[in-house]
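Working notes for the structure below.
None of the figures in this text is laboratory data; all of them are computed from the coordinates on show. For clarity, every value in this text was computed on a predicted model and none was experimentally measured. For neighbour counting, all protein chains shown are included, and Cβ atoms are generated from backbone atoms with ideal geometry for every residue, glycine included.
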Amino acid sequence: MKLSEIKEILKATVVVGEEKLDISIKAGAGSDLMSDLLRGQTEEVVLLSGLNTLQVIRTAVIAGVSAVVLVRDKTPDQAMIDQAREHGMPLLTTPFTMFTACGRLFRQGLRGVERKARQ
Amino acid sequence: MPYLKKNFGIVPLDFVKAGEISIQVHGLLKTIGFEAALIRRVSVCAYESEMNVVMHGGDGTLSLSVDSDSIVLEVRDEGPGIENIDLALKEGYSTATEEIREMGFGAGMGLPNIQKNADAFEIHSEKGRGTHLKMSFNVKSRRE
């Protein structure tokens, strides 16, 4: 799925990375627990988070995720925006809650980062 | 002979700066041109250990040394030390404060995750005397 499709599905606003909407996203992760992101599979992953701190961007860079979406209209502060821009990390915001945002993406075919699917 | 050696000072309890050093380590390894999976493993270990020092207090240092065979990270701090290392290495065991948890850390996954990502891992700690972590990564043979 393209990041541009994720933007549409989540009715999201692009804060950083308008030029990167063409990148491909293979899976999604929804977490406020940064430790969890540092453990799992994160390549070509979009991270949905309700946490709007600098640590989210730093964790995303280190974990190697491809884009960050803040849920429930959380507003990133300037430091967070600067950090995202510096590292070329697309940063979007969506009005949906974490549950709804994940559900909308899942319904459109995006899956989680589990290694073994439990269908 | 290391072809890169760099030392960084970690400021305890500075949650705004927390993670900056690991971001620099990530950037340096990327510039050298290591493969993405190796960079991720080293950076995750740097980040987890940097956060540990920031969270638990006490001045600390992180040193990165790179040679043709290995990447070595050493993190030392003058923090409170770890009373029971076996317990600290268990997933889910944490002594973190509420403030740390609000930032998405302190779930008791740090040290276990370091152990998982490093090819070799040593920890020395004594209550009241700080902690010393040494993490090594093989450059040539991939573990996974």
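Okay, here's what the table says:
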item	result
Residue-averaged beta-carbon neighbours from other chains (10 angstrom radius) around B:111-118	1
Student exercise, segment A:3-107 dipole from Lys, Arg, Asp, Glu Cβ charges, in Debye to nearest 20	300
With 10 Å bins from 0: P(r) over segment A:3-107, alpha-carbon pairs, percent	16, 57, 27, 0
Trypsin sites (Lys or Arg not before Pro) within segment A:25-119, DSSP loop, no more than 13 other Cβ atoms inside 10 Å	A:115, A:116, A:118
Listed residues A:103, B:51, B:82: farthest to the positive end of the dipole of the protein assembly as shown (Cβ charges)	A:103
Point-charge dipole on Cβ atoms (K/R +1, D/E -1) for the protein assembly as shown, about Cα centre, debye to 20	900
Segment B:4-138, dipole about Cα centre (Lys/Arg Cβ +1, Asp/Glu Cβ -1), debye to the nearest 20	280
Neighbouring partner chain Cβ atoms per residue of B:32-42, average, 10 Å criterion	1
Mean ellipticity per residue at 222 nm, deg cm²/dmol - from DSSP H runs of n ≥ 4 across chain A, formula -39500 (n - 2.57)	-9000 deg cm²/dmol
Loop sites in segment B:69-112: trypsin sites (Lys or Arg not before Pro), DSSP, at most 13 other Cβ within 10 Å	B:90
Chain A - percent relative contact order, Cα under 8 Å, separation 6 or more	31
For segment B:4-138, the fraction of alpha-carbon pairs in successive 5 Å shells from zero, as %	2, 11, 22, 25, 21, 12, 6, 1, 0
Percent of alpha-carbon pairs separated by more than 25 Å within the protein assembly as shown	44
Computed [θ] at 222 nm, deg cm²/dmol, chain B (DSSP H ≥ 4; -39,500 (n - 2.57); rounded to nearest 500)	-10500 deg cm²/dmol
